[in-house]
Structures are given as C-alpha cells and as structure tokens.
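Data block below; observations after.
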Amino acid sequence: MDILFIVSSIVAVIASAMAITRRNAVHALLFLIVSLMGVSMMMYTIGAPYAAILEIIVYAGAIMMLFVFTVMMLNLSVSPEDEKRKTGFKTWIFPLILGAVLLSIMAISFLRDPSWEGLHQVILPKHVGRLMFSHYLLPVELAGVLLLAAIVGAYYLGRTRKRNLHRYLQNQEDSYDTL
Amino acid sequence: MAIGFIIAIVLLMVITIAAANIYIERRLLSLWQDRRGPNRAGPWGILQVPADMIKIFLKEDWIPPFADRTVFVIAPTIVMIVTLLSFAIIPFAPGFMVVDSNIALLFFLANSSLGVYSVVLAGWASNNKYSLIGAMRGAAQMVSYEVFMGLSLMGVVMLAGGSFSMREIVESQKEMWNVIPQLPGFIIFLIAAVAESHRAPFDLPEAEGELVAGFHTEYSGIKFGMFFVGEYISITLISATIVTLYFGGWLGPAFLPPFFWFMFKTFIFIAFIILLRASLPRPRYDQFMAVGWKILLPISLINILITAAILLYKG
C-alpha cells in the first residue's frame with residue numbers, strides 16, 4: 001500500500017472527526033473541506049485522478065462554498081446549553097445504527113473481495129466520459145432532469161414581486177420580476 | 001533538470017514577477033492617467049517596491065479582538081498557496097514545467113475554486129459588517145464566474161484532442177493559435193479570470209467606495225501584504241494561463257528562445273489587465289451577476305456546441 005494513501009486517509013479520518021465535534025459551524029465546515037481534500041488525495045493515489053480533481057472542484061470548491069455562504073448569512077449563535085440538549089444521547093441512537101450498518105457492509109465487502117488493493121490502473125478523464133455517455137447514459141439523464149427540477153423550484157421560490165411606488169405605475173403591480 | 005531545481009526557479013521567478021508587477025502597475029497607471037507615479041526612490045522610482053516591502057514587514061500585525069483568530073490567520077495564506085500551486089502546471093518552455101499532468105487544466109480550475117475561501121473566510125473572520133458584505137459578494141461572484149471559466153475552456157480541450165495536459169494544448173496550437181477558432185471562449189475566459197482574481201474593474205468584494213476595503217478591511221501588516229501580493233501573483237497566473245491556452249504558449253518565431261516568447265506574451269497580458277483597471281469603471285453588483293448568468297453562460301454553452309459540431313463534422 002502506498003504511504004501517500006495511508007497519510008491522506010489518516011488526514012481525512014481525523015478531519016472528519018474534528019468536523020463532527022466542533023461547536024462552531026464554520027470551523028466544522030472547514031474541517032469537512034480538509035476531509036474532502038484528503039478523500040480526493042486517496043482517490044488520486046489509487047489511480048482515479050479525474051474523480052479526485054472533480055471531488056475538489058465540485059465538493060470542496062462549490063458545494064462546501066455554498067454551505068459556508070449559508071452559515072455566514074445565518075450567523076448562527078447557539079447557546080451551549082441549547083447545544084447540549086440537541087446533541088444528547090437520544091439524538092445519536094438512530095444515526096449510530098445507520099452508521100454501524102454501513103460500516104459492517106463495507107467491512108464485509110472488503111473482506112470478501114480483497115482485489116481493490118491492487119487497483120493501480122490509472123483511469124483517465126476520457127474513460128470516464130466514454131462510460132458516462134454510453135453505459136451510464138440513463139442515470140446521467142435522470143440526474144439532469146432532477147437538477148432541472150431543482151432549478152425550476154429555485155426560480156419559483158426566488159421570484160420577487162415588483163414594487164412600483166409611483167402612483168401612475170400602480171396597476172402594473174401584479175407583474176412578477178425575477179431577481 | 002531535477003524537479004526540485006525547477007520548482008525553486010519557478011517559485012523565485014513568480015514571486016519576483018509579482019513584486020515587479022507592483023512597480024509596473026503603478027508606473028503604467030500613472031502613464032495612462034497622465035500623472036508621474038512613484039519616481040523618487042532610486043532611479044525611475046525602482047526602489048519603491050523594496051521601500052513598500054520594508055514598510056509592510058515592519059508594520060504592526062494587529063488582530064482585532066473581535067475576530068476569529070485562527071480563521072483570520074489562515075485566510076490570507078490560502079490565496080498565496082493556491083495561486084503558487086497553480087504555477088506547477090504552467091509550461092514555460094518545452095521541458096521547463098513542474099508537472100506535465102493529464103489533469104493539469106482541471107488542477108488549475110480546482111485551485112481557482114479553492115481560492116474563493118481566502119476572500120470568504122477573511123470577510124467572515126473579521127467580524128465586521130463591511131467585510132462580511134464583501135465576502136458574500138466575493139463568494140457569489142467567484143462561484144458563478146468559475147462556471148463560465150470552466151465551460152469556456154472546454155473548446156480548447158476539444159481542439160487539443162480531448163486532453164487536459166497543458167503541454168499537449170500548447171503543441172496543438174502549432175498550426176493556428178486557439179484565439180482564432182475560440183474567440184468567444186477567449187473573451188469569456190478573460191472576463192471570468194479577471195472576475196475570479198477580483199481585480200478592478202471586477203473588484204466588487206473590496207469596492208472601496210462602498211465597503212471601506214471590503215473583505216480585507218481589518219487586515220494590516222504582512223497579512224494584508226499577502227492579499228496584496230496574492231493579487232499580483234494571480235494576475236501573473238491568469239496572464240500565463242491565457243497565453244498557454246489561447247496564444248500558443250512558448251510557440252513563436254525561432255530567432256528567440258521559447259522561454260522569451262512565453263514571457264513576452266505574458267507581460268503583454270499583464271499590461272492589458274492593468275489597462276483594464278486604468279480605463280474601466282466598476283459595474284454595479286447585480287448588473288455584473290446578471291451579465292454573467294444571462295449572457296456569458298449561454299454564449300459559452302453555444303461555443304461548446306458549435307466547436308463540438310464542427311470537430312465532429314470534420315471527423
């Protein structure tokens with residue numbers, strides 16, 4: 001096994017642990033970004049450079065940016081008592097069960113099929129693109145439709161009513177203006 | 001050449017150029033604005049940069065008591081790290097580049113998307129409302145312009161036979177520079193790159209007329225210096241990238257070495273970006289975002305479509 005793989009996976013695990021234990025939302029998000037970069041390095045070392053770089057562009061660069069943006073706008077300030085009540089043992093039970101199930105599935109599949117260790121052929125962007133538009137065409141199209149629905153929904157929620165304060169233009173008030 | 005040697009040379013060169021840019025920008029701006037500019041320190045004012053650096057290093061490095069200390073310190077380092085890292089994939093001359101990767105162009109995009117955090121975290125950690133507004137503008141501006149930047153580059157990638165390698169992109173321009181078949185892509189990339197490095201006229205995150213100094217209002221001393229130098233490094237970076245992708249990189253008439261041609265073209269673009277600052281006013285924020293999503297996005301999509309159709313037709 002590659003020493004780079006081990007180092008980056010240790011970084012990813014530690015950063016994830018820090019992300020779920022921080023009380024400050026922005027700090028937690030920063031650790032999550034570090035964790036995503038660690039995951040990206042893991043992908044790179046096992047021969048998936050395209051997936052690795054997309055992990056950074058899409059997740060660390062765009063999605064986490066929107067998370068940070070939202071947290072910044074909301075300016076969360078939660079009192080410690082309130083926080084303690086929310087993170088009591090009761091709230092942990094259900095996620096804990098789900099996590100245990102996932103972890104056991106992962107462990108079983110790795111134990112059964114150890115061939116993943118020898119995965120050292122490099123998968124180039126061209127291979128990914130070719131598979132995306134042939135074998136996985138249907139899921140790609142479905143994802144596209146789903147995103148389209150999200151865009152239409154955002155458009156609907158984001159429209160604003162045009163306000164005309166001038167009395168001559170009052171009869172136009174029912175028209176909608178988008179941002 | 002050993003890889004460590006190349007890395008050292010590239011780093012030294014980039015930081016020297018960035019420092020020289022400070023002087024070049026001030027002199028060129030004064031030339032275009034019909035005034036004299038810095039001409040007192042040393043011959044032609046050339047010692048102005050060392051004087052500025054001494055000042056910025058010795059200034060008190062103050063962290064406001066209401067700021068988030070850790071994030072406040074991390075933020076200015078991010079811009080330096082990501083812009084310097086991006087130079088790893090720039091081919092200065094044949095064989096003179098740090099890595100020739102098959103995902104080089106994507107690496108550049110990834111670094112520029114991580115650069116946003118510098119602005120956003122600086123604004124958030126300052127705990128100042130003007131900084132926060134600047135950070136929000138920066139986040140929205142840079143995340144949206146990144147989309148067009150990535151899309152406008154796809155035409156270049158297609159012309160290079162679907163390769164993200166910077167070396168192969170330069171070599172594919174032997175017949176014709178990419179700027180001719182990819183003119184719309186070039187214009188969009190130029191606008192998006194200037195917006196991405198939040199330079200004037202697109203310096204909305206630090207619009208000093210409205211937001212004091214925007215996201216770096218609370219910064220002083222060497223931390224401000226890092227934002228300052230980071231901006232000049234990113235000007236150099238986008239000039240070098242434009243030259244590599246659209247103007248044939250190191251290619252040029254053979255009577256001068258390839259490295260000279262690369263540097264010559266890069267300096268032309270640095271001067272062009274300074275001219276943009278000298279001549280254009282800052283657009284209003286909502287107009288700037290509307291132009292991006294309503295004009296640049298459709299044009300870049302149409303550009304991809306037409307380029308792909310022509311390439312398919314040609315076979």
| query | So which residues in region B:158-192 are in contact (Cβ under 8 Å) with a residue 60 or more places away in the chain and more than 12 Å from B:F247 (Cα to Cα)? | reply | B:M158, B:L159, B:S163, B:F164, B:S165, B:M166, B:R167, B:P184, B:G185, B:I188, B:I191, B:A192
| field | Odd one out for B:F259, checked against (1) farther than 23 Å from B:E210 by Cβ; (2) touching a Phe, Trp or Tyr at 6+ places or on another chain (Cβ under 7 Å); (3) surrounded by 14 or more Cβ atoms within 10 Å (Cβ to Cβ) | value | (3)
| query | Identify, please: which residue in region A:134-157 is of a type in the set (F, W, Y) and surrounded by 10 or more Cβ atoms within 10 Å (Cβ to Cβ) and is, among those, nearest to B:W293 (Cα to Cα)? | reply | A:Y155
| Sole residue being out of contact with any Asp or Glu (no Cβ under 9 Å at 6 or more places or on another chain) and either modelled with pLDDT of 90 or more or charged (D, E, K, R) (or both), chosen from A:L165, A:L146 | A:L146
| remark: Scanning region A:100-134 residue by residue, those at pLDDT below 80, under 30 Å from B:F164 (Cβ atoms) and assigned to a loop (DSSP other than H, G, I, E, B) turn out to be A:L119, A:H120, A:Q121, A:V122, A:I123, A:L124
| message | Among (1) free of Cβ contacts under 8 Å to residues at least 24 places away in the same chain; (2) open to solvent by 60 Å² or more (accessible area, probe 1.4 Å); (3) hydrophobic (A, V, I, L, M, F, W, C), there is one condition A:I53 misses while meeting the rest; what is its number? | response | (2)
| task | May I ask you to verify whether B:L106 is under 18 Å from the mean Cα position of the chain (by Cα) and touching a residue at least 40 places away in the same chain (Cβ under 8 Å)? | result | yes
| If you go through region B:207-241, how many residues are modelled with pLDDT of 85 or more, in contact with a Ser or Thr (Cβ under 7 Å, 6 or more places away or on another chain) and either open to solvent by 30 Å² or more (accessible area, probe 1.4 Å) or not hydroxyl-bearing (S, T, Y) (or both)? | 8
| said: When you check B:F269 against the structure, is it buried (at least 21 other Cβ atoms within 10 Å of the Cβ) and either part of a helix (DSSP H, G or I) or touching a residue at least 60 places away in the same chain (Cβ under 8 Å) (or both), yes or no? | reply: yes
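To keep it simple, each residue is scored yes or no on (1) in a helix (DSSP H, G or I); (2) closer than 30 Å to B:Y130 by Cα; (3) at pLDDT 85 or above.
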residue	(1), (2), (3)
B:L11	yes, no, yes
B:I17	yes, no, yes
B:A20	yes, no, yes
B:P50	yes, no, yes
B:I56	yes, yes, yes
B:F66	no, yes, no
B:P76	yes, yes, yes
| said: So, in region B:49-67, how many residues would count as being in contact with a helix residue (DSSP H, G or I) (Cβ under 6 Å, 6 or more places away or on another chain) and within 14 Å of chain A (Cβ to nearest Cβ)? | reply: 1
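When the residues of region B:89-120 are filtered to those that are in a helix (DSSP H, G or I) and not aliphatic (A, V, I, L, M), which remaining residue is farthest from A:I57 (Cα to Cα)?
Filtering region B:89-120 down to residues in a helix (DSSP H, G or I) leaves B:89, B:104-114, B:116-120.
With not aliphatic (A, V, I, L, M) added as a condition, the list becomes B:107-108, B:111-113, B:117-118.
Details: B:F107: 9, B:F108: 10, B:N111: 8, B:S112: 9, B:S113: 6, B:Y117: 13, B:S118: 15 Å.
Checked region B:89-120; the qualifying residue farthest from A:I57 (Cα to Cα) is B:S118.
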| message | If I filter region B:161-170 for residues that are more than 14 Å from chain A (Cβ to nearest Cβ), open to solvent by 40 Å² or more (accessible area, probe 1.4 Å), out of contact with any strand residue (DSSP E or B) (no Cβ under 8 Å at 6 or more places or on another chain) and more than 30 Å from A:M41 (Cα to Cα), do I get at least one hit? | response | no
| remark: Per the filter on region B:68-118, residues of a type in the set (D, E) and more than 8 Å from chain A (Cβ to nearest Cβ) are B:D100
| field | Residues of region B:122-167 satisfying the condition of being within 22 Å of the chain's Cα centre (by Cα) and of a type in the set (D, E, K, R) | value | B:R137, B:E146, B:R167
| query | Just wondering, is there one or more residues in region B:30-48 that are over 19 Å from B:P205 (Cβ atoms), in contact with a helix residue (DSSP H, G or I) (Cβ under 7 Å, 6 or more places away or on another chain) and touching a residue at least 60 places away in the same chain (Cβ under 8 Å)? | reply | yes
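Return yes when B:S86 is in a helix (DSSP H, G or I), in contact (Cβ under 8 Å) with a residue 12 or more places away in the chain and open to solvent by less than 40 Å² (accessible area, probe 1.4 Å) and no when it is not.
On the way: in a helix (DSSP H, G or I): yes; in contact (Cβ under 8 Å) with a residue 12 or more places away in the chain: yes; open to solvent by less than 40 Å² (accessible area, probe 1.4 Å): yes.
The answer is yes for B:S86.
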| message | Condition first: within 20 Å of B:W124 (Cβ to Cβ), in contact (Cβ under 8 Å) with a residue 12 or more places away in the chain, of a type outside the set (A, V, I, L, M) and within 12 Å of another protein chain (Cβ to nearest Cβ). Now tell me which residues in region A:13-50 satisfy that. | response | A:F31
| message | So B:A110 passes all but one of these: (1) in contact with a Phe, Trp or Tyr (Cβ under 7 Å, 6 or more places away or on another chain); (2) under 30 Å from B:I304 (Cα atoms); (3) open to solvent by less than 60 Å² (accessible area, probe 1.4 Å). Which condition number does it fail? | response | (1)
| task | Say whether the condition of being of a type in the set (D, E, K, R) and farther than 30 Å from B:K174 by Cβ is met by at least one residue in region B:68-77. | result | yes
| query | Quick check, is A:E55 modelled with pLDDT under 85 and among the charged types (D, E, K, R)? | reply | no
| What is the number of the single condition among (1) touching a residue at least 12 places away in the same chain (Cβ under 8 Å); (2) among the basic types (K, R); (3) open to solvent by 80 Å² or more (accessible area, probe 1.4 Å) that B:R27 does not meet? | (3)
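The values are calculated or read from the model by the stated rules, or taken from the named source; none is laboratory data. This structure is a prediction, so every number in the text was calculated from the model and none was measured. A quick note on method: Cβ atoms are made from the backbone with ideal geometry, for glycine too, and the neighbour counts reach across all protein chains shown. What goes into the accessible areas is simple: the full protein's heavy atoms, side chains included, and nothing from ligands, DNA or RNA. Shrake-Rupley method; radii C 1.70, N 1.55, O 1.52, S 1.80 Å.
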